[in-house]
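Enquirer: Could you have a look at this structure, given as structure tokens, before my questions?
The values are calculated or read from the model by the stated rules, or taken from the named source; none is laboratory data. Predicted, not measured: the structure shown is a model, and the values here were computed from it. Glycine also receives a Cβ, built like all others from the backbone with ideal geometry; neighbour counts cover every protein chain displayed. Remember, those area values only see protein heavy atoms, side chains included, never the ligands or the DNA or RNA. Shrake-Rupley method; radii C 1.70, N 1.55, O 1.52, S 1.80 Å.
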Amino acid sequence: SETKEPLVHSSHQEVCNQSEWVHLNVGGKLFTTTVTTLTRTDGDSMLARMFMHGDVEWQSAVDETGAYLIDRSPLYFEPILNYLRHGLLVLDKSVNPEGVLEEAKFFGLTSLIEQLEDVIEREQPPDDSTPIN
Amino acid sequence: SETKEPLVHSSHQEVCNQSEWVHLNVGGKLFTTTVTTLTRTDGDSMLARMFMHGDVEWQSAVDETGAYLIDRSPLYFEPILNYLRHGLLVLDKSVNPEGVLEEAKFFGLTSLIEQLEDVIEREQPPDDSTPIN
Amino acid sequence: SETKEPLVHSSHQEVCNQSEWVHLNVGGKLFTTTVTTLTRTDGDSMLARMFMHGDVEWQSAVDETGAYLIDRSPLYFEPILNYLRHGLLVLDKSVNPEGVLEEAKFFGLTSLIEQLEDVIEREQPPDDSTPIN
Amino acid sequence: SETKEPLVHSSHQEVCNQSEWVHLNVGGKLFTTTVTTLTRTDGDSMLARMFMHGDVEWQSAVDETGAYLIDRSPLYFEPILNYLRHGLLVLDKSVNPEGVLEEAKFFGLTSLIEQLEDVIEREQPPDDSTPIN
Amino acid sequence: SETKEPLVHSSHQEVCNQSEWVHLNVGGKLFTTTVTTLTRTDGDSMLARMFMHGDVEWQSAVDETGAYLIDRSPLYFEPILNYLRHGLLVLDKSVNPEGVLEEAKFFGLTSLIEQLEDVIEREQPPDDSTPIN
């Protein structure tokens, strides 16, 4: 399936297109990603709107290194960005899904919010209310 | 109060207002956040008093990068700052709530202190004292 | 093939050959490794193709420090790179193997994909379907 | 004893007094703290002696950023420094107390050594020797 | 006991001797330590040979900050370096000892290899083969 694009496939292309690259300063930690990743899903998420039409419309603050400033938790942004990269929610055992849920809500990632609410519900200990008889 | 600024919603505004951004050097680790976050809850917390009326009154030390120096644990400051961002206490399983409690006490975050004391009490193994028969 | 260089063994040689060294910026985190490591296994993995024939063919983007930009999770790239170093899959208990699997798929590391799928299958709770009797 | 300085309380003062601030490079990781913290407890601990009488007596090596070089584990120094800040030993579940004990011994923090030995003893699985009947 | 060496004791001396200090870039992460630590045990380990006779013999590559480049996992190098500092193997619960074993083998730390193989064997679930009656 790559026979017509002899030198690049899609991932290669992503890596190559330098103008695509974006640095984010999330709560003090630097993340590096691409416009393609940030605008991939949930077209009206905050990140998609922020980076979809260039930087002109959105007058975001940048830090001294040129990274876009986002006042959120870097810890819980990590699985958010990973989700935007490949479309899967992957959580390490030590990560509290409620922290990731707050980020998904902040950024308006609707499909991810639902998945996280499912994870949180499943983790809840079963209801100990005994029906009165 | 934002009815005159039709193009932005509150989160956008926070991200945009560059003068709002604050760097903190907590125990050697850099955190980036906004004055709005630091002064949001518990009006007479130390952070609120530190950043509410500009930097004039409070002659805080800054490091060579301009970050405000705070001699506390970065590990346990993380959930404190996250709490100030969205109002929820979120703890990863590996984090000792007693460490976060010490920070909440230091910064004078009354509502958070109560929540943390509840978490700690619930984690305690049940009292093994057997009632005398 | 190293019999003519009596003073070094292979590891020494790797450490010495400065032109070998490569910096990678994976999602914002810097990794340092060698061309030998990146091209060691799975000859047609993306990393092998990226670094096998010099940098000429592959017009990769680099950041301001000269590190090759890769828009993937640094968290799950760590065991990938470690695997390329010594050929073993080593996962800490807190790491979700599904995150590493996504990276193995992205980089086209066939033998690692199989190992990770085995790990994930073994971790699954046993099928709770009770045979009808 | 602070009645003559009406505008500050003790924590404020600590934050303000710029000459107080110290950077430590512990095993490659930077920590920022104050002389007050480092000399607070255990007056003849190594850190207290190192920073009590100014830098003149103690000809410590500093790195290129001016941080004092200490050849110890940053991982296990973290709870040590936290202990010096507020006087409580706080350990995350994932941290091995034996690592922290080695640091407490190195720095000569007598009261902390005892606490850590207690923690380690309590974590030991109970002696499986069955008394001979 | 320090009356004859009025200004230094052995730990002090280590900290003071600036020419001793070494920076290592292990897989992209910086570690700071001393020649004394790196050459302390296992005299014919790779690290001992690398730093025992000065830098002349061993033409190691250094990065732009002057740190010696080592193409290994920083995650599993941490307990290795800690072991060289105080002679004890200390592993956090989350760390996979098989990762540390690979580093001990790479660096040729014989006594540590044995300790790690013991740890790994003890962690193995007991052999479920039931002896035939």
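Enquirer: If a residue has to be part of a loop (DSSP other than H, G, I, E, B) and facing chain B (nearest Cβ under 8 Å) to count, how many in the range A:65-105 make the cut?
Expert: 7
Enquirer: Output the residue which, of all residues in the range E:107-118 that are modelled with pLDDT of 95 or more and open to solvent by 30 Å² or more (accessible area, probe 1.4 Å), is farthest from residue E:22 (Cα to Cα).
Expert: That would be E:118.
Enquirer: Give me the residue from the range A:17-27 that is part of a helix (DSSP H, G or I) and open to solvent by 50 Å² or more (accessible area, probe 1.4 Å) and, out of that set, modelled with the lowest pLDDT.
Expert: A:18
Enquirer: Could you say whether any residue in the range D:28-38 is assigned to a loop (DSSP other than H, G, I, E, B) and under 23 Å from residue E:88 (Cβ atoms)?
Expert: Yes, some residue in the range D:28-38 is assigned to a loop (DSSP other than H, G, I, E, B) and under 23 Å from residue E:88 (Cβ atoms).
Enquirer: Give me the pairs: first residue in the range C:90-104 and modelled with pLDDT of 95 or more, second residue open to solvent by 30 Å² or more (accessible area, probe 1.4 Å) and charged (D, E, K, R), beta-carbon distance under 6 Å, and six or more apart or on different chains, which are they?
Expert: Short answer, once both residue conditions are applied: C:90/E:98.
Enquirer: Looking only at the range D:39-49, count every residue that is closer than 18 Å to residue D:88 by Cα and of a type outside the set (Gly, Ala, Ser) and tell me the total.
Expert: Taking the range D:39-49 and keeping what is closer than 18 Å to residue D:88 by Cα, we get D:39-43, D:45, D:47-48.
If we keep only those that are of a type outside the set (Gly, Ala, Ser) as well, we get D:39-42, D:47.
Count: 5.
Enquirer: Inspect the range B:74-81 for any residue being at pLDDT 85 or above and over 30 Å from residue A:93 (Cα atoms) and give the result as yes or no.
Expert: No, that holds for no residue.
Enquirer: Now a separate question. Here is a check on your reading of the model: is residue D:62 modelled with pLDDT under 95 and more than 9 Å from every other protein chain (Cβ to nearest Cβ)? First the steps, then the outcome.
Expert: Numbers: modelled with pLDDT under 95: yes; more than 9 Å from every other protein chain (Cβ to nearest Cβ): no.
No.
Enquirer: Taking the conditions exactly as written (modelled with pLDDT under 95, open to solvent by less than 50 Å² (accessible area, probe 1.4 Å), under 30 Å from residue C:120 (Cβ atoms) and not hydroxyl-bearing (Ser, Thr, Tyr)), does residue A:42 satisfy them or not? First the steps, then the outcome.
Expert: Numbers: modelled with pLDDT under 95: yes; open to solvent by less than 50 Å² (accessible area, probe 1.4 Å): yes; under 30 Å from residue C:120 (Cβ atoms): yes; not hydroxyl-bearing (Ser, Thr, Tyr): yes.
Spelling it out, residue A:42 is indeed modelled with pLDDT under 95, open to solvent by less than 50 Å² (accessible area, probe 1.4 Å), under 30 Å from residue C:120 (Cβ atoms) and not hydroxyl-bearing (Ser, Thr, Tyr).
Enquirer: Just the residues that are more than 18 Å from residue E:121 (Cβ to Cβ) and touching a Leu at 6+ places or on another chain (Cβ under 9 Å), please, taken from the range E:91-102.
Expert: E:92
Enquirer: Go through the range A:65-90 residue by residue and tally those that are of a type in the set (A, V, I, L, M, F, W, C) and open to solvent by 30 Å² or more (accessible area, probe 1.4 Å).
Expert: Qualifying residue count for the region: 3.
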